[in-house]
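Please read the structure below before turning to the comments.
The values are calculated or read from the model by the stated rules, or taken from the named source; none is laboratory data. This structure is a prediction, so every number in the text was calculated from the model and none was measured. Positions of Cβ are backbone-derived with ideal geometry, glycine not excepted, and every protein chain shown enters the neighbour counts. Side chains are part of the model used for accessible areas, which takes the heavy atoms of the whole protein and leaves out ligands, DNA and RNA. Shrake-Rupley method; radii C 1.70, N 1.55, O 1.52, S 1.80 Å.
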Amino acid sequence: MEAFLNEHYGLSGCTFKKLVGYISTNYRVDCSQGTYLLKVYPYSESELVQLEAEIAMIKCLDHLDRQSVSTPIPNQQGHDLTITEDKIYRLMSFVEGQFLSEASPSPALYESLGRFMGKVDQKLEGFRDIAIESRSLDWDLNNLPRIEGLIQHIASVEDQKLVRHFYLQWQVHVQPQLEKLRKCIIHNDANDWNVLTKDDRVNGIIDFGDATYTSLINELAICLAYALFDKDEPLKWAEYIVKGYHQEQPLLKQELDLLYYLVAGRLVTSLCFSSYDIKQQPDNEYIVISQRPALDLLRKWARINPIKAKAVFYKAAGFQPAKTPAIEQVKAGRHKVMSPQLSLSYQTPIHMDGAAFQYMYDAQGNTFLDAYNNIPHVGHQHPRVVEAGRRQMAQLNTNTRYLFDQLEAYASKLLAKFPAPLSKVYFVNSGSAASDLAVRLAQNYTGQHRMMVIEHGYHGNTRMGIDISHYKYTSRGGKGKAEHIVEAPLPDVYRSSYKGPNAGSKYATEAMALVEEKALAAFIAEPIVGCGGQVPLAPGYLQALYPAIRSKGGLCISDEVQTGFGRMGTHFWGFEMHGITPDIVVLGKPMGNGHPMGAVVTNDAIAEAFDNGMEFFSSFGGNPVSCAIGEAVLDVLEEENLQANAQEVGQYYQQQLEALKKDFPEIGDVRGSGLFIGMELIKDDKLTPNTELASYLKNELRKQHILVSTDGPFDSVIKTKPPLCFNKANVDEVVNQIYSILKNK
Ligand code: PMP
């Protein structure tokens with residue numbers, strides 16, 4: 001090799017050190033004339049074409065000196081490449097410096113990184129090259145759809161979820177804009193091992209092998225994706241880079257609008273390829289290690305409201321902030337078309353714009369930790385659920401008067417979650433429609449009209465739903481109890497005069513005393529009464545009551561709209577906690593993760609009796625799209641082990657809230673199961689409800705961007721029932737905020 005360099009380049013006294021290389025074999029060459037980089041490629045026509053293109057590109061960066069970019073050193077014939085029979089040799093200037101990955105970050109360094117890349121792109125703007133323009137790389141962000149098939153190689157389902165989410169976001173936000181974006185040839189790989197730094201500034205870049213003709217903004221996105229590794233506040237660091245870049249290569253608003261999604265897109269690409277590579281080289285620990293910062297950043301990215309990111313990028317570029325309408329204005333607009341009867345949560349309502357998993361984004365750029373919403377059961381916008389819905393929507397959506405495979409597939413999967421006698425399902429579109437139908441089934445089967453309900457229970461908004469919802473018919477605007485309703489007292493052990501293990505059966509006896517000798521159609525209750533203030537039915541209550549109801553010819557209905565689908569942690573259905581099996585089960589809310597779904601599950605005999613000649617038909621109930629979505633929810637619950645998570649995190653949550661009691665006597669009771677928790681606030685030893693404090697706490701938490709609600713007959717119970725992907729760190733955030741709000745009130 002030494003003789004070769006002497007013959008072709010006139011170099012002498014050379015020593016060689018092998019460097020990492022991908023396609024080429026690379027050497028650092030130290031000789032009496034200086035230090036060089038020698039790259040040796042296996043000969044091929046196509047390699048030659050690519051190398052010539054790369055050289056042309058580097059030459060275009062004529063403002064950068066040999067210290068900044070590895071420039072070709074011509075051989076003695078004046079050629080940039082020396083070609084032998086089977087190899088191509090390329091001697092380059094050696095760029096000294098510390099890799100960005102090893103440099104300590106500073107605002108000045110990051111701004112100079114932006115400026116450096118801006119300068120590179122500024123120079124490349126007019127550069128055209130047929131070889132580069134005609135190749136199409138998998139690492140080109142505009143080709144992101146090519147990596148979709150690799151997502152399955154990501155080892156953990158949680159990480160897959162994250163990656164699929166951002167892949168979807170790219171599809172939704174970036175893909176439709178691709179044709180409108182400025183395109184040019186870019187370096188395309190300004191990662192932290194390709195960028196060199198010296199004295200707190202970026203002084204060089206290496207490896208032009210990934211150069212491609214693509215959207216200009218991808219360059220900045222790639223640069224950000226790696227530079228933001230291991231930063232507590234990634235947006236703060238992003239701002240320096242964008243500012244520097246924009247000074248040299250002014251960006252357009254429409255480009256900055258997409259930057260958030262593009263940064264994530266690059267992380268997605270990197271994670272997909274590395275996950276695939278790990279499977280090919282399972283012993284290569286380096287690949288696994290390199291995934292960690294990318295995953296960390298993607299997790300942090302999911303907590304950043306895209307509107308906030310856009311605002312930071314606009315500010316960095318000196319653009320006026322995008323206008324967001326004032327809450328009052330939005331509210332007024334709504335009230336023009338909707339009755340104010342539709343309530344809004346919080347003293348200052350929230351104008352929502354997006355969500356991901358346990359986080360929600362408002363139109364002002366804030367991110368809320370969602371400790372409240374149980375409808376997005378497996379997490380807001382879960383990509384598996386979104387994908388299932390849109391695929392099926394693109395294929396077929398019709399009704400149950402036709403045969404289609406999705407109905408049976410989903411119904412079987414759902415029914416497999418129930419104990420033996422519960423073997424028939426009716427699909428509807430809401431919890432209300434389901435409870436209404438449940439009452440019809442019961443009344444039809446028994447030939448009776450009377451219903452027993454529990455105080456403060458809520459079961460739906462239909463006429464029948466209101467009739468059986470004490471929570472509604474006794475409160476403002478309610479018309480009181482209908483004649484056919486029997487009201488059982490709420491078997492609440494916290495406020496009970498019945499103490500000890502027999503409290504449940506005493507409540508049951510009390511309830512049955514109200515039935516008198518008259519027959520009943522059914523008894524309906526939730527296993528934990530949500531609107532009553534997350535009140536678990538006293539242990540033993542249902543075990544005593546169900547046989548008594550049945551002995552009167554009545555049926556037992558469990559409303560699992562809130563408590564079903566694993567939320568309880570210990571059990572998939574709330575009724576299972578009570579060791580009983582209902583005759584009819586009402587399902588809703590979490591079933592479709594936000595897609596409107598409800599169902600009634602019952603046994604063969606009740607279903608047969610209902611089949612009395614009158615058709616049962618729901619236009620939308622059980623349609624293929626709903627079935628696909630419902631099935632995806634069940635699959636995700638299983639794959640992500642969310643019931644177990646509800647149990648573990650829920651138990652921790654209750655312990656942490658319980659621990660607050662010693663500092664705050666206002667916390668009277670902490671109760672619930674899994675991730676379905678209530679915290680009752682009181683004023684004194686007489687357990688006087690502390691409605692004011694509950695409202696204060698809820699609204700203060702909202703100011704701190706944490707969502708909870710209040711409920712119960714006096715609105716004195718803090719309700720928390722987050723998406724089941726909620727984690728212990730999320731619990732700590734909520735509990736710490738509650739602590740500081742109560743401490744400083
Ligand atoms: N049952 C229970 C226990 C509920 O909490 C609700 C809704 N809050 C319903 C039924 C009615 O469901 P939907 O709002 O879907 O009609």
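Being within 16 Å of the ligand (Cβ to nearest atom), in the same structural domain as Pro596 (by TED's automatic domain parsing) and among the basic types (Lys, Arg) holds for only one residue in Arg476, Arg463, and it is Arg463.
For Arg450, the conditions (1) out of contact with any Ser or Thr (no Cβ under 8 Å at 6 or more places or on another chain); (2) more than 30 Å from Gln160 (Cβ to Cβ); (3) open to solvent by less than 50 Å² (accessible area, probe 1.4 Å); (4) within 16 Å of the ligand (Cβ to nearest atom) all hold with the exception of (4). Kindly check whether there is at least one residue in segment 666-689 that is surrounded by fewer than 16 Cβ atoms within 10 Å (Cβ to Cβ), assigned to a helix (DSSP H, G or I) and modelled with pLDDT of 95 or more. No: zero hits.
Just one of the listed residues (Asn188, Asn218) is outside any strand (DSSP E or B), in contact with an Asp or Glu (Cβ under 6 Å, 6 or more places away or on another chain) and of a type outside the set (D, E, K, R), and it is Asn188. Residue count for segment 514-563, restricted to those that are within 14 Å of the ligand (Cβ to nearest atom), out of contact with any strand residue (DSSP E or B) (no Cβ under 6 Å at 6 or more places or on another chain) and open to solvent by less than 10 Å² (accessible area, probe 1.4 Å): 4.
Kindly establish whether Asn374 is within 16 Å of the ligand (Cβ to nearest atom), in contact (Cβ under 8 Å) with a residue 24 or more places away in the chain and not assigned by TED's automatic domain parsing to the domain that holds Ile468. Outline the logic, then answer.
Working: within 16 Å of the ligand (Cβ to nearest atom): yes; in contact (Cβ under 8 Å) with a residue 24 or more places away in the chain: yes; not assigned by TED's automatic domain parsing to the domain that holds Ile468: yes.
So Asn374 passes the test.
Within the set Glu483, Glu510, Glu487, the sole residue that is out of contact with any helix residue (DSSP H, G or I) (no Cβ under 9 Å at 6 or more places or on another chain) and either surrounded by 20 or more Cβ atoms within 10 Å (Cβ to Cβ) or not in a helix (DSSP H, G or I) (or both) turns out to be Glu483.
Among the residues of segment 565-576, none qualifies, meaning not one is open to solvent by 20 Å² or more (accessible area, probe 1.4 Å) and of a type in the set (Lys, Arg).
Return the residues of segment 251-293 that are under 19 Å from the mean Cα position of the chain (by Cα) and open to solvent by 20 Å² or more (accessible area, probe 1.4 Å); say none if nothing qualifies. Of everything in segment 251-293, those that are under 19 Å from the mean Cα position of the chain (by Cα) and open to solvent by 20 Å² or more (accessible area, probe 1.4 Å) turn out to be Tyr261, Arg292. From the list Gln33, Gln77, the one residue that fits, being touching a Gly at 6+ places or on another chain (Cβ under 9 Å) and more than 30 Å from Leu224 (Cβ to Cβ), is Gln33. Among Leu271, Leu295, Leu224, Leu259, which is the only one that is touching a Phe, Trp or Tyr at 6+ places or on another chain (Cβ under 6 Å) and part of a helix (DSSP H, G or I)? Criteria check complete, one pass: Leu259.
Checked against the criterion of being among the hydrophobic types (A, V, I, L, M, F, W, C), more than 25 Å from Val561 (Cβ to Cβ) and open to solvent by less than 30 Å² (accessible area, probe 1.4 Å), segment 497-506 contains one or more residues that satisfy it.
Per the listing Lys87, Lys183, the residue uniquely without any contact (Cβ under 8 Å) to a residue 60 or more places away in the chain, in contact with a Pro (Cβ under 8 Å, 6 or more places away or on another chain) and basic (Lys, Arg) is Lys87.
Scanning segment 428-447 for residues that are within 13 Å of the ligand (Cβ to nearest atom) and outside any loop (DSSP other than H, G, I, E, B) returns Val428, Gly431, Ser432, Ala433, Ala434, Ser435, Asp436, Leu437, Ala438, Val439.
Among residues of segment 437-460 that are in the same structural domain as Cys556 (by TED's automatic domain parsing), those with a Cβ under 7 angstrom from a residue that is of a type in the set (Asp, Glu) and open to solvent by less than 30 Å² (accessible area, probe 1.4 Å), sequence gap 6+ or separate chain, pair up as Gly457/Glu526; His459/Asp559. Restricting Ala434, Ala388 to residues that are touching a strand residue (DSSP E or B) at 6+ places or on another chain (Cβ under 9 Å) and either closer than 30 Å to Pro321 by Cα or in contact (Cβ under 8 Å) with a residue 24 or more places away in the chain (or both) narrows the list to Ala434. Only a single item in (1) open to solvent by 20 Å² or more (accessible area, probe 1.4 Å); (2) part of a loop (DSSP other than H, G, I, E, B); (3) more than 16 Å from the ligand (Cβ to nearest atom); (4) modelled with pLDDT of 95 or more is not met by Phe620, and it is number (3).
Across segment 587-602, the qualifying residues are those that are more than 17 Å from Gly566 (Cβ to Cβ) and near the ligand (Cβ under 9 Å from one of its atoms), and the one among them that is surrounded by the fewest Cβ atoms within 10 Å (Cβ to Cβ) is Pro596.
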